[in-house]
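What follows is a short report on a single structure.
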Amino acid sequence: MKKDKSETQQKEKCGWDAGRREGAEEEDCAKMAQPKNYELLFLAVVGLIAAVCVAPLAADIMSSLGRPRRHQQHKSVTLKMDEAFLTVNNELSTDLVVSWVSDHCYQCLYQYLGVVPAVPGPGMASSADFIVGTQHGIKLQLNSSPISLELCTVPFHFGEYGNYSLWVKNLNNPAIVNCTLLTETEPLNSYIPILIAFLLLTGLAVVSAIGGTILGLDVVKSALFRLGNTMETERLINSELGPPGRSVEVVHDTILPPPPTPSKRLRSLDTFRGISLVIMVFVNYGGGRYWFFKHESWNGLTVADLVFPWFVFIMGTSIALSVNSVLRRGTSRANLLWKTVWRSLQLFIIGLIIINPNYCQGPLSWDNLRIPGVLQRLAWSYLVVACLDVLVARTRLDNLPMDAWWYPGCEILLYWPAWVCVIVLEGIWLCLTFLLPVPGCPTGYLGPGGIGDMGLYANCTGGAAGYIDRWLLGVNHIYQSPSSRVIYATHVPYDPEGVLGSINSIVMAFLGLQAGKIMLHYKDLHSKIMSRFLVWGLMLGILSAVLTLCSRDQGFIPVNKNLWSLSYVTTLACFAYVALVLVYYTVDVKQWWSGAPFYYPGMNSILVYVGHEVFENYFPFRWRMANIQSHGEHLTQNLFATSCWVFIAYLLYRKRIFWKI
């Protein structure tokens, strides 16, 4: 690589090889890259200390904070994670049927919880014990039996490991039923482990920043340079350099031509990719078993729903920059198209292997082979967007008049054929989604099925998207446990990386491609680049507001990761443009932040993603926990596993090992 060659020449010039170079000027050499090596070494040492010392301590502390409780009266009942204990006391002369529904379940049927028998006699009460969930707020409904008359509803958000009592009785008027919910035992604050983890990571970041600042001082850099030069000289003297009188031929730098300037690589893109990848690894490992680090059951967004679209977005940005660079070097478009197809095929095959873990037990079985997946969708999006860009990309951009009236729309006008293709693809998605007849389902249905929509369309999960996958790929070749099962109690297989949603992933990558076009057309004009990013973010945000009516469930096209709906793409692209502005400004423009530690996994994204999938169940990424019902211990394990991959990416970066396909 050019960068490696340039660094080697700098080291030789500054006396790093004492056997070849003499009399290097100390003042100039003190400004070279050596202190950066010490800064990286310092960060590595800090990370190791945290891994060895802080992680076990944090695990023990957070595990003790999340230890399950036993109910005081019923010692045999042990609550699990995200559960609370509820005792319903009935003072009525009729049986009570207790049902519940989650606040996150839109237009859902109540689900049966249990029955509380009528009182055995005057002045007495009967009771029944239940386990209720604590991830979201729920609404309890109490009906009389057998006539099923609603007596009362109680909305409440139960706390983890809490103990509650619900009293149902008549007051002065026998026709009026009173329902009172009391807290018998205060719940645990399940978010304390997140606070502790945040403080620990913030402390490590502060220590690293202080250490980097100290190592950046001129006095420290000069001392480190002298120390490094002295140690290197002693090593060379003690090594087998030949007889002491051996003459050394000195090559003067003035005779050689100046080394070529290495191509400038935008660290902000690798940093943004690394941020997306690190969060993706963390949520794939479990995210501490917190609901907001899991995918939303249907409509809406959680942290886990942000990262994959951002990864697709930044892939599109990288396509624009890499295609432009390759074409400028004289590579033919036909050759580039072939490389694009070959790389997409490799991504697809790798994706098939890692999402079907039976490869450890022998040959893959076609009977239950899942075809869609994350890497498969990346391969499809990369294939279409890269081919479009290869066909329409311009070799030269410096001959375009920036003062022309049409130039503010250059990223659209100059590449209009690609835009036409993408608009046609989006038109296909809209037509199939809202016009394709689905047997037994209403046309244009976007719901989850199951108990949603009052249970009228239980087998219609995903509407046209689910129907196309089941018809084209087969029921056994798509995802069997979709996130809609958690709240909507669906039982139909549905794949969030299915065929129809792949169209909108192409649109997401194409919107990222426009960010790369902006960087190419406004090269080194930082204010222009950032202002155009913000304009694109604003336009996409307005479009999202129109499509969703600024609501989660009641818009024309709700934000939905399972469907990869159009509003999901526009919303996440809006967020991506704004986030890219922040990263670009702090990393590449002001250089306040080097991008570490996210920069390193961003440089080796395929290796980190494949590695974390393949070695997920192996030590040190997973171990047998003392308390599997503790958010704290899960959080510690998942953070430690994610940190291991960041550290592995750093070591590979230092060794200049990158997996490219």
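The values are calculated or read from the model by the stated rules, or taken from the named source; none is laboratory data. Here the structure is a predicted model, which means the values were calculated and not measured. Methodologically, a virtual Cβ is constructed for each residue, glycine included, from the backbone with ideal geometry; neighbour enumeration extends over all protein chains shown. Calculation scope for accessible area: heavy atoms of the full protein, side chains included, ligands and nucleic acids excluded. Shrake-Rupley method; radii C 1.70, N 1.55, O 1.52, S 1.80 Å.
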Quick check for you: with a 1.4 Å probe and neighbouring chains kept, what is the accessible area per residue of segment 73-178, in Å²?
49
Diffing segment 519-525: the Karplus 3J(HN,Hα) column from phi (6.51, -1.76, 1.60, θ = phi - 60°), in whole Hz with x for Gly and Pro, holds 5, 6, 6, 10, 4, 6, 9
Test item: Cα-centred dipole of segment 288-427, Lys/Arg +1 and Asp/Glu -1 on Cβ, debye:
460
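First compute the accessible area of segment 604-661 with a 1.4 Å probe, then give the percent of it belonging to carbon and sulfur atoms.
Numbers: 1780 of 2790 Å².
Its accessible area is 64 percent carbon and sulfur atoms.
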Highest mean packing first, using Cβ neighbours within 10 angstrom, the peptides 312-320, 283-291 sort as 312-320, 283-291
Which of Cys574, Ser643, Ala515, positive extreme of dipole for segment 510-661 (C-beta unit charges):
Ala515
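Figure the gain on full extension for Phe434 and Ile210 (residue separation times 0.36 nm, minus the Cα-Cα span) and round it to one decimal in nm.
Details: separation 224, 0.36 × 224 = 80.64 nm, distance 5.63 nm.
That works out to 75.0 nm of additional length.
Considering only protein heavy atoms, with the full assembly of protein chains and a 1.4 angstrom probe, order Trp338, Trp298, Trp659 by accessible area, largest first.
Numbers: Trp338 155, Trp298 5, Trp659 95 Å².
The residues order as Trp338, Trp659, Trp298, largest area first.
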Amide H contacts of Lys561 (H built 1.01 Å from N, under 5 Å, at least 5 apart or other chain):
Gly300
I'd like the Karplus ³J(HN,Hα) series for segment 543-557: coefficients 6.51, -1.76, 1.60, θ = phi - 60°, whole numbers in Hz, and an x wherever there's a Gly or Pro.
4, 5, 4, 5, 5, 9, 6, 6, 9, 7, 10, 10, x, 5, 9
Take each of the peptides 512-522, 185-195, 626-636, 89-99, average the number of other beta-carbon atoms within 10 Å over its residues, and list them starting from the highest.
512-522, 626-636, 89-99, 185-195
Please compute the per residue accessible area over segment 479-627 with all protein chains in place, 1.4 Å probe, rounded to a whole number of Å².
39
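Which loop trypsin sites (Lys or Arg not before Pro) in segment 544-623, with loop taken from DSSP, have no more than 11 other Cβ atoms within 10 angstrom of their Cβ?
Details: sites: Arg552, Lys561, Lys590, Arg622; in loops: Arg552, Lys561, Lys590, Arg622.
For trypsin sites (Lys or Arg not before Pro) across segment 544-623 that sit outside H, G, I, E and B with at most 11 neighbouring Cβ atoms in 10 Å, the list reads Lys590.
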Once phi for every residue in segment 406-411 is put through the Karplus expression 6.51 cos²θ - 1.76 cosθ + 1.60 (θ = phi - 60°), the whole-Hz ³J(HN,Hα) values, with Gly and Pro written as x, are 8, 5, x, x, 5, 5
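Given Lys294/Lys339; Lys80/Lys660; Lys339/Lys655; Lys80/Lys561; Lys80/Lys169, which pairs have Cα atoms separated by over 32 Å?
Numbers: Lys294/Lys339 36 Å; Lys80/Lys660 44 Å; Lys339/Lys655 26 Å; Lys80/Lys561 28 Å; Lys80/Lys169 30 Å.
Correct reply: Lys294/Lys339; Lys80/Lys660.
Could you order the peptides 523-532, 481-490, 401-410 from most to least packed, using the average number of other C-beta atoms within 10 Å per residue? Don't skip to the answer; put the middle values down first.
Working: 523-532: 15.2, 481-490: 21.5, 401-410: 11.3.
By packing density, highest mean first, the sequence is 481-490, 523-532, 401-410.
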Given points 7 Å out from each Cα along the Cα-Cβ axis, report the Asp103 to Glu150 separation in nanometres with one decimal.
1.9
In segment 145-160, whose amide N lies under 19 Å from the spot 7 Å out along Cα-to-Cβ of Val115? List them in ranges.
145-152
Inter-part gap, Cα centre of segment 626-652 to Cα centre of segment 418-448, in whole angstrom, is 40
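For Trp167 and Leu549, what does the FRET efficiency come to when R0 = 51 Å and r is the distance between their Cβ atoms, rounded to the nearest 0.05?
Details: r = 41 Å, r/R0 = 0.79.
The value I calculate is 0.80.
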Express the relative contact order of segment 504-580 as a whole percentage, based on alpha carbon pairs under 8 Å and six or more residues apart in sequence.
34
Roughly how many Å is it from the Cα centre of segment 482-546 to that of segment 282-346, as a whole number?
11
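Dividing the convex hull volume of the Cα atoms of segment 550-654 by its residue count, what figure in Å³ per residue is obtained?
Values: hull volume 18.1 nm³, N = 105.
Per-residue hull volume (Cα only) is 173 Å³.
If I compute solvent accessible area with a 1.4 Å probe over the protein chains, what percent of it on segment 267-386 is carbon and sulfur? Mind showing how you got there, number by number?
Values: 3040 of 4670 Å².
Ligands and nucleic acids excluded, carbon and sulfur reach 65 percent.
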Which chymotrypsin sites (Phe, Trp or Tyr not before Pro) in segment 577-617 pass both tests, a DSSP loop state and at most 16 other beta-carbon atoms within 10 Å?
Trp592, Phe615
Average accessible surface area per residue within segment 301-457, 1.4 Å rolling probe, Å²:
49
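Cβ under 12 Å from Tyr415's Cβ, Tyr415 left aside: what net charge do those residues give with Lys, Arg +1 and Asp, Glu -1? Don't skip to the answer; put the middle values down first.
Numbers: positive: Arg394, Lys517; negative: Asp389, Glu411.
Local charge sum for Tyr415: 0.
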Area of Asp398 that stays accessible when all protein chains are in place (1.4 Å probe, Å², to 10)
120
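Pairs of Cα atoms under 8 Å, at least six residues apart: use those to get the relative contact order of segment 404-525, whole percent. Provide the component values of the computation, followed by the final result.
Details: 136 pairs, mean separation 27.0, N = 122.
So the answer I get is 22 percent.
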What accessible area, in Å² to the nearest ten, does a 1.4 Å probe give for Cys441?
20
Which residues qualify? For Tyr110, with a placed amide H closer than 5 Å and at least 5 residues away or on another chain, they are none
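Restricting to Cα pairs below 8 Å that are 6+ residues apart, what does the relative contact order work out to for segment 561-661? Please round to a whole percent. Spell out each step's value before the answer.
Details: 49 pairs, mean separation 29.7, N = 101.
In percent, rounded to a whole number, it is 29.
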Amide H contacts of Glu184 (H built 1.01 Å from N, under 5 Å, at least 5 apart or other chain)
Asn163, Tyr164, Ser165
